[in-house]
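Quick notes on the structure that follows.
The values are calculated or read from the model by the stated rules, or taken from the named source; none is laboratory data. Remember, predicted model here, so these are calculated numbers, not experimental data. Cβ: placed from backbone, ideal geometry, glycine included. Neighbour counts: every protein chain shown. We work out accessible area using only protein heavy atoms, side chains counted, and drop any ligands, DNA or RNA first. Shrake-Rupley method; radii C 1.70, N 1.55, O 1.52, S 1.80 Å.
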Amino acid sequence: MNIEKYTSLLLRLGISVVFLLFGIDKFIRPLFWAAFVPKFLNDIIPFSLTNFIYLMGLIETILGALIFIGLFTRIASILSAIHLFFIIISLAIPLGYNDIIVRDIGLFFMALALSLFRIYPFSFDNIKKKLWK
């Protein structure tokens, strides 16, 4: 049995579930998530904090959905890694080392690993590739 073909699927499911849950939750509980926005970032965003949280929720939901169905997987995983990198930096500056940063570092490397695959079995990317041959 060739289990390597399931590796990208498991990475996709793991990353996408986290992004979807956190993204959707930002629409449900924006005030909860506002507490995680560092003061220095709050001072430079050009719109309300609630709208910023909604924007982050929209970005995370879209990235999570794309990765979940496997559409534009490489691009979505690179964008996810970039998004996580900025989250890690923005949390590490005011808070230092904590469990949230450790989780996000793990997700960051998962997203990077996912972007390195050449093919994505069980994905729309794979179906698209087969149709265009």
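Check ILE87, ILE69 and return the single one that is at pLDDT below 95 and in contact with a helix residue (DSSP H, G or I) (Cβ under 6 Å, 6 or more places away or on another chain).
The match here is ILE87.
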Quiz item: So which of SER80, SER115 is within 24 Å of ILE44 (Cβ to Cβ) and in contact (Cβ under 8 Å) with a residue 40 or more places away in the chain?
Solution: SER80
Exercise. Could you please find all residues in segment 64-82 being under 15 Å from SER123 (Cα atoms), open to solvent by less than 10 Å² (accessible area, probe 1.4 Å) and out of contact with any Asp or Glu (no Cβ under 9 Å at 6 or more places or on another chain)?
Key: GLY64, ILE67, ALA76, SER77
Self-check item: Test result for ARG103, modelled with pLDDT under 95 and in a helix (DSSP H, G or I)
Solution: yes
Quiz item: Which pairs have Cβ atoms under 7 Å, sit 6 or more apart or on different chains, and link a residue in segment 42-58 that is in contact (Cβ under 8 Å) with a residue 24 or more places away in the chain to one that is open to solvent by 50 Å² or more (accessible area, probe 1.4 Å) and not aliphatic (A, V, I, L, M)?
Solution: TYR54/PHE27; GLY57/PHE27
Quiz item: Looking at segment 1-16, which of its residues are of a type in the set (Ser, Thr, Tyr) and under 26 Å from GLY57 (Cβ atoms)?
Solution: SER8, SER16
Self-check item: Hey, ILE53 modelled with pLDDT under 95 and either in contact with a Ser or Thr (Cβ under 7 Å, 6 or more places away or on another chain) or open to solvent by less than 40 Å² (accessible area, probe 1.4 Å) (or both) or not
Solution: no
Practice problem: Filter segment 83-133 down to the residues that are surrounded by 11 or more Cβ atoms within 10 Å (Cβ to Cβ) and of a type in the set (Asp, Glu), then identify the one that is nearest to MET56 (Cα to Cα). | Solution: ASP104
Exercise. Check LYS26, LYS39 and return the single one that is among the basic types (Lys, Arg), more than 15 Å from LEU79 (Cα to Cα) and surrounded by 15 or more Cβ atoms within 10 Å (Cβ to Cβ).
Key: LYS26
